[in-house]
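This report refers to the structure that appears directly beneath it.
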Amino acid sequence: MENPIFTFATPTIISGDRQNVDVIAHELSHSWSGNLVGCASWEHFWLNEGWTTYLERRIGAAIHGAPQFDFSAIIGWKSLEDSVALFGADHEFTKLIINHKGVDPEDAFSSIPYEKGFHFLYYLDRLVGREHFDKFIPHYFKTWARKSLDSFQFKQTFLDFFEGYGNDEIKEKIAQIPWEERFYSPGLPPKPEFNTAYVDSCLALAEKWKQADYHPSSADVESFTANQILVFLQAVQNFTPPLDAGRSHLLGTAYNISSSKNVELKAAYYLIALAAEDKSQLPGIVDLLSSVGRMKYVRPLYRKLNELDRDLAVKTFQENKDFYPSTTKGQLAKDLGLN
């Protein structure tokens, strides 16, 4: 988590493979969006996290090449789909601006302000063009430096900047922005066409795993980054029906994921194992839930574990609940029906 002057970083970013650096880029970006300029209230939380996710992906593209921006966005889209599915497509908490009257903000916390906020900014970026949007970014942060704002003030800042920009074509475009729809429509936003250059090979490998007689090799993933392996695992998570226990176990061992120190990959693999009802992985799952408190990982695992073995899920939570951050602890208790 970001704080002025310094950052508290989760130890899960130390993965032993020099991956997960996107988290570092994210928290550093909070020096501008969140610390220098902050949201006026939690209803407008996307101004913190949507901006930061956008900047994180711009940094990734500058370091690794333009396709990295869309590659990260594709991973984020899967997270957004999962959050919308959890709440329901018509739920208040899936809106960009949420009504928090009588609501504990922690109950509304999810990837939605991160990813839906990112997609709104990405939409504006594409609408006016990257060259022009890049001139708006420093204007925005200079205008609101050491202040807080809400979504409507952001809207006015954006409109004022481009209405005085001297470009009639852009003026016509921004006049068509459906602000109310973007702010208040629940569910998923319109999905952009992503550059799939870094994804196609991951999805192709997942397709091979739909064949029951496919024989994997470690060479399948030796050229993949950790995030490419993650996309492959996310694709396998969506299999209907899921892999059986034997095939799931084979996936984990063939690609050395079950023994990986990268929590991102291990957590994604364990979701596959739980869907496959591979009980041989339960000790590893319990070990992860007993040593990692990051909600991103433990909440999906607890929900799946609760479906497979409720007694073990409750026992593991009771033994570790005081280890978890308060927000995580509260959400897990609700997921497990223990409130």
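The values are calculated or read from the model by the stated rules, or taken from the named source; none is laboratory data. For clarity, every value in this text was computed on a predicted model and none was experimentally measured. Ideal geometry is used to build each Cβ from the backbone, glycine not excepted, and the neighbour counts take in all protein chains shown.
Structure values in brief
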read-out: Checking Gly293 against (1) of a type in the set (Gly, Ala, Ser); (2) part of a helix (DSSP H, G or I); (3) under 20 Å from the mean Cα position of the chain (by Cα); (4) more than 30 Å from His215 (Cβ to Cβ), the condition it does not meet; value: (2)
read-out: Which listed residue, of Ala85, Ala89, is closer than 20 Å to Pro192 by Cα and outside any helix (DSSP H, G or I); value: Ala89
read-out: Sole residue being surrounded by 21 or more Cβ atoms within 10 Å (Cβ to Cβ) and β-branched (Val, Ile, Thr), chosen from Ile98, Ile59, Ile63, Ile74; value: Ile98
read-out: Flag if Phe6 is at pLDDT below 95, within 28 Å of Asn256 (Cβ to Cβ), aromatic (Phe, Trp, Tyr) and not assigned by TED's automatic domain parsing to the domain that holds Thr328; value: no
read-out: Matching option when the condition is farther than 12 Å from Gly117 by Cβ and within 14 Å of the chain's Cα centre (by Cα), among Trp77, Trp32; value: Trp77
read-out: Some residue of region 302-321 being surrounded by fewer than 18 Cβ atoms within 10 Å (Cβ to Cβ), on the phi > 0 side of the Ramachandran plot and more than 25 Å from the chain's Cα centre (by Cα); value: no
read-out: Asn256 vs. criteria on the phi > 0 side of the Ramachandran plot and either of a type outside the set (Val, Ile, Thr) or at pLDDT 95 or above (or both); value: yes
read-out: Candidate set from region 94-121 (those that are of a type outside the set (A, V, I, L, M, F, W, C) and assigned to a loop (DSSP other than H, G, I, E, B)); member that is modelled with the highest pLDDT; value: Lys95
read-out: Residues (part of a helix (DSSP H, G or I), more than 22 Å from Thr10 (Cα to Cα) and of a type in the set (Asp, Glu)) located in region 296-336; value: Glu307, Asp311, Asp335
